[in-house]
Amino acid sequence: MAMAPVTLLLLGLVCGTAVLAGDKSVDGFPPFCGNYQCPKYQVSKKYNTFELRRYDSSHWVTTQLETDMFGLGIMKSFKRLLNYINGQNMEGVTIKMTVPVRAIVPLADPSINATMSFFVPMSIVNPPAPKDSSLYLESYPPTSYYVRSFGGYALNSDYEKQSKALTEELVALGLAFDGTFGIAAGYNDPLTFFKRHNEVWLRALNTE
């Protein structure tokens with residue numbers, strides 16, 4: 001099961017308007033988060049090519065992921081999210097950039113819109129409401145995901161390939177997962193040439 005053929009482009013190229021990667025982690029976050037906050041998690045189990053992570057509860061600001069053959073839609077989606085953290089919210093507060101830039105892509109029903117999200121720093125307990133009606137806030141309880149990581153500059157085809165590989169591995173091992181949607185996560189700007197980090201996530205089932 002590959003990711004739906006939605007133009008994710010390079011999440012890393014989109015990140016490049018705001019995110020600069022670093023070699024050192026901050027505040028105990030994983031090194032691949034660079035100098036930015038990212039969702040906290042614990043590794044429940046490591047497999048050969050992927051791992052099971054238990055993510056803490058989190059807040060995200062989300063918008064529809066607009067797609068077109070030229071990639072202009074994805075830039076519009078990113079810009080809306082960027083405006084939100086740059087103070088265009090109901091409280092006028094500026095929020096530090098975080099990683100990853102996350103895209104949720106429907107797998108089972110292509111008629112459902114894909115979305116793009118920014119992680120809201122954990123220090124913001126009550127995120128300000130967006131001014132833009134095309135943005136909305138999401139809160140997630142602690143959730144487990146199977147995560148496959150890979151490097152390099154990631155195109156849509158790379159995310160699809162990695163998602164397909166993760167799906168096949170989970171099926172072969174008899175591990176239950178939610179096949180209705182997949183998640184692509186990009187962490188780097190386009191000028192980061194080394195140690196680039198990308199991920200695909202599938203929500204784990206029956207892990208309690």
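The values are calculated or read from the model by the stated rules, or taken from the named source; none is laboratory data. Quick caveat: nothing in here was measured; it's all calculated off a predicted structure. We place every Cβ from the backbone using ideal geometry, glycine too, and count neighbours over all the protein chains shown. When the accessible area is computed, the model is the full protein with side chains, heavy atoms only, and any ligands, DNA or RNA have been set aside. Shrake-Rupley method; radii C 1.70, N 1.55, O 1.52, S 1.80 Å.
Put simply, when 105-111, 198-204, 53-59 are sorted by average Cβ atoms within 10 angstrom per residue, most first, you get 198-204, 53-59, 105-111. The chymotrypsin sites (Phe, Trp or Tyr not before Pro) of segment 157-193 that meet both conditions, a loop assignment by DSSP and at most 14 other Cβ atoms within 10 Å of the site Cβ, are Phe193. With all protein chains in place and a 1.4 Å probe, the accessible surface of segment 122-199 carries 61 percent carbon and sulfur. Checking the cross-link pairs Lys46/Lys131; Lys45/Lys131; Lys131/Lys161; Lys79/Lys161; Lys45/Lys79; Lys45/Lys161 against a 31 Å limit on the alpha carbon distance flags Lys46/Lys131; Lys45/Lys131; Lys131/Lys161; Lys45/Lys79 as lying beyond it. Distance from the Cα centroid of segment 160-208 to that of segment 80-140 is 21 Å (rounded to whole angstrom).
Average accessible surface for segment 62-208: 48 Å² per residue, computed with a 1.4 Å probe over protein heavy atoms with every protein chain in place.
In terms of the Cα gyration tensor, with a ≥ b ≥ c the square roots of its eigenvalues, is segment 29-136 rounded because a/c is under 1.5, prolate because a/b exceeds b/c, or oblate? Oblate.
For Lys45, the residues whose modelled amide H falls within less than 5 Å of its own, excluding neighbours fewer than 5 places apart on the same chain, are Leu52. Here segment 55-201 carries DSSP beta bridges of which approximately 100% are antiparallel, counting only pairs with both residues inside.
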